[in-house]
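The values are calculated or read from the model by the stated rules, or taken from the named source; none is laboratory data. Treat the numbers as computed from the prediction; the structure is a model and nothing was measured. Counting neighbours? That spans all protein chains shown, and the Cβs are built from the backbone with ideal geometry, glycine included. Ligands, DNA and RNA are excluded from the accessible area calculation, which covers all protein heavy atoms including side chains. Shrake-Rupley method; radii C 1.70, N 1.55, O 1.52, S 1.80 Å.
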Amino acid sequence: MKLNLLLAKVLQFVTFVFFTIAVLVYFGLLLMLALAVLWYVTRILTLFGLPALLAVLAGIAALTYVSLAVSRQPRLYRLLWDLGLELITLGKTQIKRFDPLIEEARGDVAGSSAA
């Protein structure tokens, strides 16, 4: 009976770790997209012979333009934000689905130790 409790708790922890990593990857990708715009614009401009300082300034300007374009589309911005929040909510829901299994296993462990 203790094996059932241990197995339920381990799987609950694995589910928690999985969804934590998924949320971190999602929000990390949003950050990485912004850094990718800056990186590639800078690389392309230095490829054309622009000095590195001017290329970085142009990359920052391009990143600012892309950020401004996204912020002017409130539905897109809200969609990206809501997707992340729904991922968090889904993770919490999946973790709570283990609670009845854990309570049932605890009851079995307590019942077998009392007998």
| task | Could you give the size of the charge dipole of the chain about its Cα centre, using +1 on the Cβ of each K and R and -1 on the Cβ of each D and E, expressed in debye and rounded to the nearest 20? | result | 220 debye
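For Cα pairs less than 8 Å apart in space and 6+ apart in sequence, what is the mean separation divided by the residue count of the chain, i.e. the relative contact order in percent? If you can, show how the numbers build up before the last one.
Values: 60 pairs, mean separation 54.1, N = 115.
It comes to 47 percent, rounded to a whole number.
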| Three-way shape label, the chain, alpha-carbon gyration tensor, a/c 1.5 | prolate
| Percent accessible area from carbon and sulfur atoms, the chain, protein chains only, probe 1.4 Å | 74 percent
| field | Degrees separating the helix 74-96 axis from the principal Cα axis of the chain, which is the longest one | value | 20 degrees
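Would you mind calculating the gained length between LEU101 and PHE27 on full extension (0.36 nm times residue separation, minus the Cα-Cα distance), in nm to one decimal? Spell out each step's value before the answer.
Details: separation 74, 0.36 × 74 = 26.64 nm, distance 3.13 nm.
Once the chain is fully extended between LEU101 and PHE27, it gains 23.5 nm.
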